[in-house]
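The values are calculated or read from the model by the stated rules, or taken from the named source; none is laboratory data. Small disclaimer: the values here were computed from a predicted structure and weren't measured. Glycine also receives a Cβ, built like all others from the backbone with ideal geometry; neighbour counts cover every protein chain displayed.
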Amino acid sequence: MPARLKLLLSGLLIGAACHAAPVIINYPILPAKGDPQLHYMLSLLKLACNKAAANCLLRPGPAMVQGRAIQELQRKQSRIDVMWTMTSHDRERLLLPIRIPLDKGLIGWRIALVPPGKGHLLADVNSLKALARFTAGQEHDWPDTAILQAAGLPVVSTPDYEPLFSMLAKHRFDYFPRSVIEILDEQQTHADLQLEIDPHLLLHYPTAFYFFITPNRPRLAHMLRDGLQQAVNDGSFDTLFQQYHGHTLQALQLDKRQIIHLPNPLLPPDTPLAQKNLWYQP
């Protein structure tokens, strides 16, 4: 084919791509004061779209808790296309998981929010048995709830996320274990409650935070998977991760905390634990 014709065809293809209808991606909104994951997750979606050379339009859908969003994604006429949440056997069976841990596994590294004036509540905890003297708070449909209970830890659960903060402030339970990439934002968002961050303990269980796609849109799942994998391969994924979380990880001083490891009976066998570049190493 003559070089001039090749250039002409290439230009036509580029022009067609630029004018192609956008790929619409609807996502749910958390019914709370703020979603500490929202801006990072939207940035990751945009990065995946860019790497896949797709013109994406990200649109906020209705507000709903995790359990409701999972149900909505299964509907044939789902109002949302994607959600970001922790993996489990059931979630991977019902939805289309993209098995690239968006937070590099940090959703399983947990620090406790404690009530006002109780900053040193967990100072003497150095084992799972010692931690079992205290009661955690969780949303009832989070995988974390089952993980903590399977380890023998008492849990008070509620159907909604937002009330957990006021319940903690009122001493309805002793501590609220939060991901290291959530806790600073959540403390700031609920500053009026004067909740404190425990400086002593670090809980860990192996898990992953994925994009889950409605089964109605397998092509979207394929496109986002390819885009994220390209971002991992060329380093732009890690760059974005450090941009959002590097300062937080330094501020929380993870290396100075007592680590308590918990097993995760909900971890699916296809979790890519062997791919070390996908996981954060504290």
Would it be correct to say that Ala208 is of a type in the set (A, V, I, L, M), in contact with a Gly (Cβ under 8 Å, 6 or more places away or on another chain) and surrounded by 12 or more Cβ atoms within 10 Å (Cβ to Cβ)? yes
Among the numbered criteria (1) assigned to a strand (DSSP E or B); (2) at pLDDT below 95, which single criterion is violated by Ile107? (1)
Output the residues belonging to region 30-63 that are surrounded by fewer than 18 Cβ atoms within 10 Å (Cβ to Cβ), among the aliphatic types (A, V, I, L, M) and not in a loop (DSSP other than H, G, I, E, B). Leu38, Leu42, Leu57, Leu58, Ala63
Would you call Gln253 more than 13 Å from Lys104 (Cβ to Cβ), out of contact with any Lys or Arg (no Cβ under 8 Å at 6 or more places or on another chain) and modelled with pLDDT under 95? yes
Among helices (runs of 4 or more DSSP H) completely within region 142-241, the ones holding 1 or more residues that are touching a helix residue (DSSP H, G or I) at 6+ places or on another chain (Cβ under 9 Å) and either in the same structural domain as Leu38 (by TED's automatic domain parsing) or hydroxyl-bearing (Ser, Thr, Tyr) (or both) are 163-169, 183-189, 218-234
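Results for (1) among the acidic types (Asp, Glu); (2) farther than 25 Å from Thr248 by Cα, shown as yes or no for each residue.
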position	(1), (2)
Leu47	no, no
Ile80	no, yes
Arg99	no, no
Gly108	no, no
Ile111	no, no
His120	no, no
Asp124	yes, no
Can you say whether Gln187 is within 28 Å of Ala52 (Cβ to Cβ), among the polar types (S, T, N, Q) and at pLDDT 95 or above, as far as the supplied structure shows? no
Within region 116-126, does at least one residue satisfy the condition of being closer than 29 Å to His247 by Cβ and either under 18 Å from the mean Cα position of the chain (by Cα) or assigned to a helix (DSSP H, G or I) (or both)? no
Near pairs, Cβ below 9 angstrom, 6+ apart or cross-chain, from region 54-79 (within 18 Å of Leu96 (Cβ to Cβ)) to any residue that is among the polar types (S, T, N, Q) and in a helix (DSSP H, G or I): Cys56/Asn50
Gly15 assigned to a loop (DSSP other than H, G, I, E, B), modelled with pLDDT under 90 and outside the structural domain of Gln187 (by TED's automatic domain parsing): no
Going through Glu186, Glu196 one at a time, which residue ends up being touching a Phe, Trp or Tyr at 6+ places or on another chain (Cβ under 9 Å) and of a type in the set (Asp, Glu)? Glu186
Note on Pro159: of the conditions (1) at pLDDT below 95; (2) surrounded by fewer than 16 Cβ atoms within 10 Å (Cβ to Cβ); (3) touching a Pro at 6+ places or on another chain (Cβ under 9 Å); (4) not hydrophobic (A, V, I, L, M, F, W, C), unmet is (3)
Just checking, does region 163-179 include any residue being small (Gly, Ala, Ser) and touching a strand residue (DSSP E or B) at 6+ places or on another chain (Cβ under 7 Å)? yes
Out of (1) loosely packed, with under 14 Cβ neighbours inside 10 Å; (2) farther than 28 Å from Asp238 by Cα, the odd one out for Glu72 is which? (1)
So Asn26 fits all but one of (1) at pLDDT 95 or above; (2) assigned to a strand (DSSP E or B); (3) exposed (fewer than 15 other Cβ atoms within 10 Å of the Cβ); what number is the exception? (3)
